1. Specify the inter-centroid distance of the range 133-148 and the range 212-243, based on alpha-carbon positions, in whole Å.
2. Which far-off residues, 5 or more places away or on another chain, put their amide H under 5 Å from the one on G329, with H placed in the peptide plane?
3. Across all directions of projection, what mean area in square nanometres is found for the Cα convex hull of the chain?
4. Restricting to DSSP loop positions (anything but H, G, I, E, B) with no more than 11 other Cβ atoms inside 10 Å of their own Cβ, which GluC sites (Glu not before Pro) remain in the range 317-381?
5. So what are the ³J(HN,Hα) numbers for the range 153-163, from phi and the Karplus equation (6.51, -1.76, 1.60; θ = phi - 60°), rounded to whole Hz, Gly and Pro as x?
6. Return the sequence-ordered ³J(HN,Hα) values of the range 311-324 in whole Hz as given by the Karplus equation 6.51 cos²θ - 1.76 cosθ + 1.60 applied to θ = phi - 60°, using x for Gly and Pro.
7. Which of rounded, prolate or oblate describes the range 1-107 when judged by the alpha-carbon gyration tensor and an a/c cut-off of 1.5?
8. In nm, to one decimal, how far is the modelled label at R8 from the one at E433, with both set 7 Å along Cα→Cβ?
Amino acid sequence: MTAPTSARPLRVAVIGAGPAGIYAADMLTKSEAVREGELEVSVDLYDRYPTPFGLIRYGVAPDHPRIKGIITALRSILGRGDIRFFGNVEYGKDLTMGEYLAHYDAVIFATGAVNDAPLVIPGADLDGSYGAAKFVAWYDGHPDYPRTWPLNAKEVAVIGNGNVALDVARVLSKHADDMLVTEIPGNVYQGLRDSPVTDVHVFGRRGPAQIKFTPLELRELAKSRDVDIVLYDEDFQFDEASEQAMVENNQTKVMMKTLQKWREDDSPKTASRRLHLHFLQTPSEILGDEDGKVSGIRMERTRLNGDASVTATGEYIDYPVQAVYHAIGYLGSPLPEVPFNPDRGVVLNQEGRVVDGEGTVVPGVYATGWIKRGPVGLIGATKSDALETINHVLEDRNALADPDFPEPSAIESLLQDKGVEYTTWDGWLDLDEYEQSLGQSSHDAEGNPRERVKVVDRDEMVSVSRRGVPARS
Ligand code: NAP
């Protein structure tokens, strides 16, 4: 094993081009050692999707332009030209760990958490019971999901009191025409337009002071046209910990005000759709009909214990619903040849250095973002994570094994030789322009041209996004 010489740049592959990966790549290129001229770094950013921006493109709800706007900042990082983007390259399939380590001094995994944590109750497998992550992937036009979604329920239950539950409940209850100002693909508009939904019930297993929503996202519910918010007095119970949170935690304080305002609003409820927020009810069983389809949900009342935890009371309430979405957290997926904790859905690591089951550091392999610490926190929180990880890469750099093929062209040749149809940053700019042109030729409910219409088909995305890739000889 030889240390990388200062004569050549430190070569780093970041796998996952969502916010976590882009922040890590950016921080590496701006680190103190680089600024002071002690080190040159050369970073390549990979994604299994043909496009960059990961969760922002395929996880953030389309009617959240403020969060989607983070793309502008990420775009300016990748637009500088000092970080190369290789899209449509899947780790473990198109390139293996051995191939990465033969071309790079270090590999950072930033693959996020895209699967649903499982809901383990009877009936969870019935037809009409869905994980929220899959629905999110559908409405965000994810290339690897079916184009149709069975939106045939009039009454729907959404389990969970986090922001994903709010996204799902809002998208399910909103009128499709009001989504045309967003970038939703045509198939998603059509699916939502044909939905017969009238009532969406969101269930939290703890109390109103224990919600994991954030204030802006909660307030936003009231902005949906022709959707009434319905609250229930019996759910407004507080224990000692709740009282304390309502005094000491600003977010809780603000959200309790919002809920209180809605409770006091005695204007007539005439909307054609309703969004019900229920608290202190935990899912006990999803009920099915003789065809194996969801016909209801049995919730069990809970009681606060004083410390914000709850105990089930044995009192059950059945709600007639024809679909159940569980939004009870995401879970990261294992990666070939990378030590993994399946219960937490994270890569085994110490402060971003990947370790094996005995806690021994795996040289040259790192993790950042949700695959490092689990799926909690807003997008900005991945910045401190990235900093911790890249600081370790830089501390370790002199002890890392020299790759066999450090020249940046070597990996392109390998991808070419393997016939991997990778996409590029310039290709993304082409796709971006193409999606905007599709928007210009379609219209929202008021007849205005749409800003963008997302392309969903992977082959179509790839064929538009390969600018700069040499033709195969
Ligand atoms: P989350 O914030 O962790 O919320 C998960 C919810 O599921 C909690 O209310 C939790 O209740 C509940 N839950 C867990 N297991 C349950 C079970 N077995 N039965 C019933 N309820 C259960 O997760 P998330 O909503 O997936 O969000 C992940 C992260 O992404 C969060 O940091 C979130 O803020 C962020 N995000 C942000 C936005 C945005 O627009 N800003 C949008 C989407 C996601 P307990 O509290 O009782 O455990």
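1. So the separation of the two Cα centres works out to 28 Å.
2. Answer set, sorted by chain and number: A117.
3. Values: hull surface 100.3 nm².
Orientation-averaged projected area of the Cα hull: 25.1 nm².
4. Filter output for the range 317-381: E358.
5. Per-residue couplings from phi come out as 8, 7, 10, 10, 10, 10, 9, x, 10, x, 5 Hz.
6. So the J values, rounded to whole Hz, are 10, 6, 9, x, 9, 10, 10, 9, 10, x, 9, 10, 8, 10.
7. Cα axes put the range 1-107 in the oblate bin.
8. 3.5 nm
The values are calculated or read from the model by the stated rules, or taken from the named source; none is laboratory data. In this text, all values refer to a predicted model and were calculated from it rather than measured experimentally. Note that we place each Cβ from the backbone using ideal geometry, even for glycine, and neighbour counts take in every protein chain shown. Side chains included, ligands, DNA and RNA excluded: accessible areas come from the protein's heavy atoms. Shrake-Rupley method; radii C 1.70, N 1.55, O 1.52, S 1.80 Å.
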